[in-house]
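See structure below.
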Amino acid sequence: MTLLLALHALVAVLALSVLRRQPRVGAWLGVAVLAATAVYAVAAGTTAEPHGESWIWVEALGWGIHLRLDGFAVLMVLIVSVLGAFVLAYATTYFDMDQRFVRFVGIFVLFAGAMNGLVMSADLFTMFVFWEITSVTSFLLIGLNDESATARFAALRALLVTGAGGLCLLAGLSLIQIVAGTTAFVDLATNTPAGTVIDVALVLVLAGAFTKSAQFPFHFWLPGAMAAPTPVSAYLHSATMVKAGIVLIARMAPIFGDRALWQWLIVGAGVATIMIGGARALGQTDAKLLLAHSTVSQLGLLTILFGIGVPIATYAGVAHLLAHAVFKAGLFLGVGMVDHSFGTRDIAVLSGVGRRMRTAMVMGGLATASMAGIIPLFGFATKEKSLAALLKTTDYVGAAGTVALVGVVAGSMLTVAYSIRLFVGMFGTKPEVAETELHHAPSLGLWLPVYVISLASLVFGLWPSAVGRLLDAPASSLDAQSAGELVLWPGVNTAFALSVVIVIVGVVIARLVPLRLIGSRIRLSGEEIFRAMYDGLLEFSRVATSRIQTGSLLAYIAVTLLVISAALVVGVLAGFDADLLDGVIWFDSAAQLVIAVSMAVLALVVVFIEQRFVAALVIGGVGLGCAALFALHGAPDLALTQVLVETMTIVVFLLVLRQVPQRFEAPPRWAPRVLRVGIAVAVGGVVALFAALVSGSRTAPSSGISYADLSLPEAGGKNIVNVILVDFRGFDTFGEITVLAVAALGVANLVKMARREKSPVGDQP
Amino acid sequence: MMGRTSVVLDEADRWLFRVIIVVSLFVLFKGHNAPGGGFAGGLIAGGAFVLRYLAGGALRLRRALAFRPLAGIGLGLFVAAFTTLIPAILGDPALTSAIVTLDVPIIGTIKLVSSALFDVGVYLLVVGVVVQILLALGSDPLEGRS
């Protein structure tokens, strides 16, 4: 299966490079790879023992790519690959054959590969890696229409929200790794860690899942993501990527689902999401946005079913996940088809579509009815199962189960209401609106995927028990006790009674509540919070930058030096011992003393010199004194280099001084000469004291001694200094010359910029 | 400084430029066993370019260059990185030195140490940096308010 994932990447690269001029070829290659993956999943997934593959990266941490194709993975791979193939085929007709389509094909196939990897992940780390790839590819796909500012902002927002969630997930999985020593789902299930740290980790992991699956309070990015082309919305933002969070929850719930914290987080976020999504869907006139809000709502339901950690609910979740993927993909593609044919998808404007396209209306009706949970569509069977499961859940988890049940029932009423509104709006004939003109009838490539996917809702619904049996393996691979069956006619029981009430209330809501009323009432949305935080962050960094980066070289140097010496003072005070200074030899010869004293005098003299050039020369004198000290100390290499560097420094000074006034400017008022001298002396004193203390507090033998012995045999050189530079500590040298190179580039660019600023204005005073 | 040329500097440049370069190479290669090395050698060679700049200005300096200083910097970094990583690719710890001793007729025994190549990288980079700074700060158009 690693091979298949690699094939996805290969096709993506090909589509973006060699096949740029034949994007159709790339697209059909992608369809082929996706189809092959689906076939493989069915073939390999029917064996008793789940097939696994591992590629180790960091052995000590167990990190690497660990894939495992268990029942649930097979189901998800099938959804990802089959729907992916359909959507990609549909896209060849939907898009114009331009560069945008080239990009779409490449990124889409890459995304599908990452998604397949994600659902097959056997541990949190692997999942995180694929998770991040889906975040980035989703960003690129939402922003596919890169000339639209709305699309760009929506893409950025989705990336920031899901990216922040990704970071939370990384933090959470790291905590789990630290406490449990593993992030593999199988190991965590057999040896479940507990404790406060794990609670924190779970909150972080759930935050990641909630951002990805658009759960409250992170739900707002998903409707914005509808700026993407319809095939993208249909696939990423309804069928696959937004299910990544659900997959994560589904994997974690059987392990950690019995914790009260987990249950309340799941139920709280789930119910809030169901209600907000449903209410907002009811207020939309853009059919695609309506579907987006509906997806948010349905994701809330899936979060509860998978997350509550009760076997029967898990089974219902698996079933409803399939049902939702099928009907929502059909609806998205259907809306895209109507949009393509009639030039609009606004349900307030569309009129007479059903009369023109009878088959489309029937197919749309099937998918909508499945969404609303009407017998005999597949959505009915799965919703019955969900209600029945939640009715029993109360026995397991108490109050949280009751809240979940009430939330799901209320949310289902909204679902029925907006389903009716969507269907009537899309296909109905409105007397007060002129009939919409048909631009061009949909071609085979557009209608075939829509019809096939929509019919699946009916076929699955008519034979639910057959589908239900196939879902046993996925459900039991998540939770061994999870099994169940789906039936067409459950008989009159509590769940069915609830269903009837749901449909009746839903119809009433659809009739009575005027359009836009509910949706517009919900003001406090995550969207505004996000915008406030986004703007606030930019403002904060602007203020912080202007405060810290004052542009005063004097201030920069003062701060740097004071911070360094403060750190040294703290260190010296912590381990101060007057005995350490006993062994200090102040000087070996009179020459050293003379040189050192003259260096100090020269340094002091610099303070009183007013001409820059003279000051530079005197500082050079201090440097030469340093070179002399090196030479006297028996370090000819250092002395040689010091002299050369001082010479070069003088030359550079000369070059720079041509550009600045000859005399120093008056110092700013906050830094009189006394203060500057004080800082300089203090820093120098602290550094000298520190050096003396450090040389007296050696606890291990000097590594230089071993260098001396090793120099000739190991590195073939007699000059130890040079051997240290190019061999023993070659990495340090490499780092230093890199810094040198960067500094030279910086100088060149600064000068270039200064020139550019000067030239257009001409002579400035 | 520009415009006026000094005969002394001009002659010094003509006679000394090549000599300084040779000396810098000597310091570079001698460095493994005696004071010197890539950094010192590079600075000495940089001094030769400074001399040429002082004698003839940025224009003459530019004309004397076989390749652009940025190329020297890049080549130096590459050579240093190359010698650092080759042992790692061959399976030894990075920066492991290889020592080859050759007996060449007339000249005598030559010992080649791979880390000398690292020093050559340092040398190239330092020369590049010096010339780059000379050209950047020393070119005429910057003289706005002299």
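Quick note: the coordinates plus some simple rules give every number you see, no bench work behind them. Owing to the predicted nature of the structure, the values given are computational and were not obtained by experimental measurement. Glycine gets a Cβ as well: all are built from the backbone with ideal geometry, and neighbour counts include every protein chain shown.
Estimated at 0.36 nm per residue, the fully extended path between A:Ala590 and A:Leu750 surpasses their Cα-Cα distance by 53.0 nm. In this structure the amide hydrogen of A:His51, modeled in the peptide plane, comes within under 5 Å of the amide hydrogens of A:Leu69, none closer than 5 places in sequence on its chain.
In a reduced charge model with +1 at each Lys and Arg Cβ and -1 at each Asp and Glu Cβ, chain A shows a dipole moment near 2460 debye about its Cα centre. Between 0 and 90 degrees, rounded to the nearest ten: what's the tilt of helix A:358-372 against the longest Cα principal axis of chain A? The helix A:358-372 is inclined about 70 degrees to chain A.
Rounded, prolate or oblate: pick one for region A:552-699, where a ≥ b ≥ c are the square roots of the eigenvalues of its C-alpha gyration tensor, a/c under 1.5 means rounded, and failing that, prolate if a/b is larger than b/c, else oblate. Because a/c hits 1.5 or more and a/b fails to exceed b/c, region A:552-699 counts as oblate. Here the peptides A:680-687, A:532-539, A:381-388, A:326-333 are ranked by packing, the mean other Cβ count within 10 Å, and the order with the highest first is A:326-333, A:381-388, A:680-687, A:532-539. Hey, how many Å between the Cα centroid of region B:3-69 and the Cα centroid of region A:443-476? Between the Cα centre of region B:3-69 and that of region A:443-476, the gap is 80 Å. Remark: mean inter-chain Cβ contacts per residue of B:40-53 equal 3, using a 10 Å Cβ-Cβ cutoff to other protein chain atoms. Overall, region A:270-384 carries a charge dipole of about 240 debye about its Cα centre when +1 sits on the Cβ of Lys and Arg and -1 on the Cβ of Asp and Glu, all other atoms neutral. For chain A, averaging the sequence separation of C-alpha pairs within contact (under 8 Å, six or more residues apart) and dividing by the residue count gives a relative contact order of 10 percent. Averaged over the residues of A:111-124, the number of partner chain Cβ atoms lying within 10 Å of the residue Cβ comes to 0.
Using the Cβ-Cβ distance between A:Val424 and A:Thr150 with R0 set to 35 Å, the FRET efficiency works out to roughly 0.80. Taken one residue at a time, the phi angles of region A:533-538 give Karplus couplings (6.51, -1.76, 1.60, θ = phi - 60°) of 5, 4, 5, x, 5, 4 Hz. Gly and Pro are set to x.
Summing Lys and Arg as +1 and Asp and Glu as -1 over all other residues whose Cβ lies under 15 Å from the Cβ of A:Gly106 gives a net charge of +3. Each of the peptides A:130-136, B:60-66, A:21-27 was scored by the mean count of other Cβ atoms within 10 Å over its residues; in descending order, highest first, they stand as A:130-136, A:21-27, B:60-66.
Under the shape rule built on the C-alpha gyration tensor, where the axes satisfy a ≥ b ≥ c, region A:618-676 is oblate, since a/c reaches at least 1.5 while a/b does not exceed b/c.
Comparing Cα centroids, region A:94-154 and region A:1-45 end up 15 angstrom apart. How many angstrom lie between the C-alpha centres of region A:628-698 and region A:170-235? Centre-to-centre distance over Cα atoms comes out at 54 Å. Let me make sure I get this right: for chain A, a, b and c are the square roots of the gyration tensor eigenvalues over alpha carbons, sorted descending. Under 1.5 in a/c it's rounded, otherwise prolate if a/b > b/c, else oblate. Which is it? Judged from the Cα gyration tensor, chain A comes out prolate (a/c at least 1.5, a/b above b/c).
Shielding value for A:651-664 is 4, the average number of Cβ atoms from other chains within 10 Å of each residue's Cβ.
Helix A:243-256 and the longest principal axis of the C-alpha atoms of chain A enclose an angle of approximately 90°.
Placing +1 on each Lys and Arg Cβ and -1 on each Asp and Glu Cβ, with no other charges, gives region A:532-642 a dipole about its Cα centre of roughly 460 debye.
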